[in-house]
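Before any comments, here is the structure.
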Amino acid sequence: MDSESVCADEQWRYVATLLPDDLEQSARETGALARCRNIPSAEALMRVVLAYAVSDLSMKDVAAWASTLGVAEITGPGLFYRLRQAEPWLARVLAQVLQEEVGGAPKGLRLRAADATVITGPASKGTDWRAHVLIDPVTGKLGFVELTDAHGGEGLGRHPVEPGELVLGDRAYATARGIHAVYAVGAQVLVRLNLHTVRLCDQHRHRIALLAEEARVPPVGAVEYEILVPVPPVSHHPGSQIWKLKDALAWIPARAIAGRTREGEVIWILTTVPGQALSALQVLALYRFRWQIELLFKRLKSLLHLDALPSRAGPTAKSWMLARLLAAALAQKLLEPSGALSPWGYQLRENRLHPERLVALPDDPVGPARGGARTRPVATHPPSQEPRTAPELPAATSARYDTKAPRC
């Protein structure tokens with residue numbers, strides 16, 4: 001299923017079940033839908049926003065599409081205003097959708113991979129935006145996303161982790177403070193070690209230089225060292241004077257494991273997982289899973305065109321990116337096999353339709369007359385009297401997915 005099918009008319013009824021239950025409330029609390037001016041509901045606004053994000057149509061064309069399908073009566077400038085106001089709402093909904101995807105940590109270690117990708121707009125001379133992402137490398141699904149400007153640095157402390165999780169990261173995440181942020185909540189770390197950005201000590205808290213030990217790394221296999229990672233004090237800032245080991249905020253027990261590539265390059269891996277839980281060779285093998293997040297970035301940019309920003313820093317740039325990421329999160333829930341959503345393939349929920357709502361609908365398939373759209377009541381039924389045209393669905397949800405019911 002491609003990203004554009006998320007907003008297709010025949011798929012939207014299923015996509016809508018994956019949105020949070022408090023969609024209407026969150027839209028009003030964040031100011032995305034202060035007044036329902038020709039937009040009947042938050043669900044209709046979300047559909048229009050996602051259609052603009054994934055279709056590469058202009059705002060004027062999306063507004064015409066929405067009018068033709070009876071989703072909403074809105075103009076191109078009106079969509080611009082709505083999209084500009086929807087930024088905090090989209091961020092909130094994206095976090096809710098991804099939180100449902102992550103769920104609780106099972107017994108044992110649950111893998112997570114953290115990384116960031118750069119997003120640039122037209123005629124950009126550098127980094128415009130940075131997307132910080134946490135995924136499940138086994139399934140390749142998004143677990144957490146945060147958008148920052150070019151000044152938002154990478155770090156493990158940005159990502160919400162839970163006890164029992166094992167977070168994978170490249171050399172940018174091998175910092176003492178980032179490792180401490182994960183270790184403090186009961187999670188574990190497995191990152192590629194940058195010997196120049198983190199202090200390492202032996203069990204007696206004396207500095208050690210692992211570069212001098214690279215000659216001992218065999219061509220095939222691994223060597224392992226038990227180490228301690230001192231965490232800089234809170235008062236220390238990068239670039240300031242060197243701090244003393246006796247002032248360390250905490251000492252993290254870890255293991256430094258080295259192996260060679262086929263070209264002979266030595267790769268150092270740091271992990272806080274005890275040796276009885278993972279052997280040195282298992283640690284090296286697990287680090288290969290981190291590559292899955294690079295493949296995810298490639299899919300987001302090649303299939304979803306996440307890097308095709310319509311503007312670099314306009315008032316709707318961040319909303320556009322959040323909407324595309326939300327479309328990706330919804331699409332991954334609809335992919336086959338459906339997993340936890342099987343056998344239905346969508347989330348079964350109670351009817352959320354608003355009875356006796358007036359919706360502006362065009363009188364012809366091209367659009368409303370020049371004098372403006374005429375409004376007429378949409379036929380709705382109480383939940384107990386809703387016609388059931390799809391008896392194979394559960395009674396509680398069959399009304400919502402009736403093919404004859406009006407679209408929202």
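Worth pointing out:
- Counting beta carbons within 10 Å around each of 39, 208 and listing the fewest first gives the order 208, 39.
- For the residue pairs 60/125; 125/318; 141/301, alpha carbon separations beyond 21 Å are given by 60/125.
- Interchain or long-range residues, amide H under 5 Å from residue 110's placed H: 165, 166
- Label separation (residue 242 vs residue 124): 3.8 nm, computed from points 7 Å beyond Cα along the C-beta direction.
- Stretching residue 265 away from residue 204 to a fully extended chain increases their span by 19.0 nm, per 0.36 nm per residue minus the current alpha-carbon distance.
- Pairwise label distance in nanometres, residue 150 with residue 277, each label 7 Å out on the Cα-Cβ vector: 4.0
- Under the Karplus curve 6.51 cos²θ - 1.76 cosθ + 1.60, θ = phi - 60°, whole-Hz ³J(HN,Hα) for segment 141-147, x wherever Gly or Pro sits: 9, 5, x, 7, 9, 9, 9
- Between amide H atoms placed 1.01 Å from N, distances below 5 Å from residue 119 occur with 128, 129, 130, 131, all of them 5 or more places distant or on a separate chain.
- Once C-alpha pairs closer than 8 Å and six or more residues apart are averaged by separation and normalised to the residue number of segment 116-236, the relative contact order reads 16 percent.
- Ranked 162, 226, 24, criterion: other C-beta atoms within 10 Å, fewest first: 226, 162, 24
- Cβ-derived FRET efficiency at R0 56 Å, residue 68 paired with residue 249, nearest 0.05: 0.40
- When each of the peptides 119-130, 286-297 is scored by the mean number of other C-beta atoms lying within 10 Å of its residues, the order from highest to lowest reads 286-297, 119-130.
- Peptides 69-82, 43-56 ordered by average Cβ neighbours within 10 Å, highest first: 43-56, 69-82
Every read-out reported here was derived from the displayed coordinates using simple, explicitly stated rules and does not represent laboratory data. Predicted, not measured: the structure shown is a model, and the values here were computed from it. Cβ sites come from the backbone with ideal geometry, for glycine too, and all protein chains shown count toward neighbours.
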